[in-house]
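A short write-up of the structure that comes next.
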Amino acid sequence: ANDVVDLYRLNDRAFSLVQLMHDASPDERKATASGLFNSTYALTVSDTPAVTSSIAGDDELAELEDILVGRLSKFGITDARVRRDPATREADDADGTAPGPDIGQVERDLLVLAADFAQSDKLTASLRFADGQWLNFTEPITPVGPILSFDSLPLYSLIAGLVVIMSIWSLRRLTAPYRMMETAVNRIGKDLKSPPIAESGSREVRAAAKAINAMQARLREYVEDREHLAAALAHDLRTPMTRMRLRLELLRKSAVREALAHDLADVESIASSVIDFATFEVTEEKNERIDFWSLVESIADGYDDVSFDDETRSRGLICMARPVALKRCVTNLVQNAVTYGKKAHLSLRRSEDMILLTIRDEGPGIPQAQIDAVFGSFVRLEQSRNRQTGGLG
């Protein structure tokens, strides 16, 4: 854009100078040129051109030369030559003197601009009059300021800040559905009964959400079928077990009868546990607002060897959970601690957005290699097959 403006300014100045001098005599032209000369806008009249070399025909300055000849031919101009010259000297003040300390802001800005023009490249033009005399003058090219300066820094900083904010917002908006699906998949891994994902958003996101919901439904159906099957088998076993117990009662008392009765009790216990487990997993228990400390305290009251480390700090901890499931879980943990660790010490505290229940006992503890295994259903770390030494896992 600046190049076009500079060419326009040179064309306009050439027209003004030629219009002023074309009727003057050679001596009058020289006198006029001498009066108009200054360091920034050099102007001379001579018998030889300042621009002696020719330029390529496809250069934009060659086109400008043709424009000048065509426009100024009515004033007797027969030839025009234009050349671009690099700056060869340092900037001077507009009037050759340093600015005073008490000048105004406008004058200071003008002096700075004049210095910038003096330092910039120049367009040198030579125009030939009909009598053979040449008009030579220079036109400074508009200086291009630095892209980044103290004045433009706030604007560029604001633009950069807006770009960063918009980029972060756009990125979060684009990735939000994937974060939602990641959270949902992790939630499904922990609880198959979690609510399905909302099938909204773009076509691809809706398709992915629909596939995840279908997968969850199939997994849930598969697990429920297995649980129903286990419960049905355990329930069906009760009838023959009842007949076996009645027949045992008819036998005479003997060591064999006592052993069979003991084994039958174990089978009945296993069947009852399977039914309870399957019923618990299938039941749709709703989350409720629970005073966790009160629930733990009510469980601990049933054991003589259970104590709270700090009851005051444990009070007032409210959570949302399934009451029956939570009570069953805590009861199993406390019972195991008392059974295998003699005494249990309980503590409750808030940790960020969670409530942390710590149960410490005086037992040998669980080997690190078996930590993950104890979370499986019907897993017992107690290696004896005696049901009197522990539960069913």
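Laboratory data are not the source of any read-out in this text; all were calculated from the coordinates shown. Being a predicted model, the structure only gives us computed values, none of them experimental. Positions of Cβ are backbone-derived with ideal geometry, glycine not excepted, and every protein chain shown enters the neighbour counts.
Just a few scattered comments:
- FRET efficiency for Ala211 and Gln368, using Cβ-Cβ distance with R0 set to 45 Å, rounded to 0.05: 0.75
- In a reduced charge model with +1 at each Lys and Arg Cβ and -1 at each Asp and Glu Cβ, the stretch 288-382 shows a dipole moment near 200 debye about its Cα centre.
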